[in-house]
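Here is the structure we will look at.
The values are calculated or read from the model by the stated rules, or taken from the named source; none is laboratory data. Please read all numbers here as calculations on a predicted model, not as lab measurements. With ideal geometry, Cβ positions are generated from the backbone for all residues, glycine too; neighbour counts draw on all protein chains shown. In case anyone asks, the SASA skips ligands and DNA or RNA and just uses the protein heavy atoms, side chains included. Shrake-Rupley method; radii C 1.70, N 1.55, O 1.52, S 1.80 Å.
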Amino acid sequence: MFDITAYTKPLDTKLHSTYIEYLSFLLLNNVFPDASSIFTLSDAPDLQAKDKSVGIEITEAVLPEIAQINGEYAKLHFGKNTVREKEKCKWLIEKNGGEVDTLGLSYPVTDSKDEWNIFSNALKKKIKLLPSYKSKGFKRMGLFIFFDEPPIPFDPQKAMERFAEIQKNNLNQYDFLLFGYRNGIISFDFSNMVYKVNVIDQDTFDNLSLCARKMVERKV
């Protein structure tokens with residue numbers, strides 16, 4: 001997980017979303033160097049080709065419990081000064097399955113089923129936005145799902161088929177999906193039903209993560 005204690009203060013929900021957008025764009029550009037010349041960071045969708053030939057929506061796949069644990073852990077280290085406030089943060093962390101000890105923060109155990117539910121829900125939620133993007137003139141739309149962990153190993157072919165199955169009954173569908181995580185990006189092309197695994201080493205990811213965080217902190 002991202003080490004929030006390495007910085008001067010936590011990011012609120014909006015700035016955390018901005019961090020995810022910056023990081024996803026940096027990861028995409030690392031794997032596809034032409035990305036920075038094609039896309040600009042914008043809003044609705046988050047990445048837009050200048051000629052509107054392609055748009056990419058960015059979202060983070062995270063369990064609600066994990067999101068609250070991270071938020072409470074940030075409060076515990078920044079700004080919550082009274083004993084009562086700190087105890088409330090710890091209580092909420094434990095209520096959501098986490099634990100704070102002398103070694104740091106631990107999270108509830110998740111399995112492959114939990115992870116797949118997170119990924120599929122991220123896609124289902126963002127499908128609802130497609131009509132508005134199509135109305136803006138974007139010819140092709142992609143979804144970038146970021147997961148801040150090395151996922152439990154899964155079969156990319158089966159994952160692509162399951163993602164396609166989720167979309168099949170929708171009039172509007174994403175043309176491609178980019179699954180970004182700490183070790184790379186898996187690109188799924190639904191038009192041709194092909195995928196590609198693009199590897200990113202840990203040092204590169206850490207450097208890109210740091211760069212994205214610094215970009216966000218300049219906005220604060």
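Only helices enter this figure: runs of n ≥ 4 DSSP H residues, each worth -39500 (n - 2.57), summed and divided by the residues of the chain, yield -14500 deg cm²/dmol at 222 nm to the nearest 500. Each peptide in 27-35, 136-144 receives the mean, over its residues, of other Cβ atoms within 10 Å, and ordering these scores from highest gives 136-144, 27-35.
Stretching the chain fully between THR102 and GLU65 yields a gain of 11.2 nm (0.36 nm per residue, less the alpha carbon separation). With a Förster radius of 30 Å applied to the C-beta separation of SER191 and SER112, the computed FRET efficiency comes to 0.65.
Scattering from the range 109-154 was approximated by placing one identical point on each alpha carbon and applying the Debye formula without solvent; log10 I(q)/I(0) at 0.14, 0.15 1/Å stands at -0.45, -0.50. Labels on offer are (i) 56, 37, 33; (ii) 74, 44, 21; (iii) 50, 42, 36, and the one holding Cα extents along the principal axes in Å computed from this structure is (i). With N as its number of residues, the range 75-146 has a Cα radius of gyration that, divided by 2.2 N^0.38 Å, comes to 1.72. GLU161: net charge of surrounding residues, Cβ under 12 Å, Lys/Arg +1, Asp/Glu -1, itself excluded? Its environment carries a net charge of +1. Taking the square roots of five times each eigenvalue of the Cα gyration tensor of the range 101-183, the equivalent ellipsoid has semi-axes of 29, 15, 11 Å, listed largest first. Taken per residue, the accessible surface of the range 51-115 reaches 62 Å², heavy atoms only and a 1.4 Å probe. Loop-located GluC sites (Glu not before Pro) in the range 132-220 (DSSP state other than H, G, I, E, B) with a sparse environment of at most 16 neighbouring Cβ atoms within 10 Å are absent.
Helix 112-127 and the longest principal axis of the Cα set of the chain meet at an angle near 60°.
Per residue, the average separation of C-alpha pairs within less than 8 Å and at least 6 apart gives the chain a relative contact order of 22 percent.
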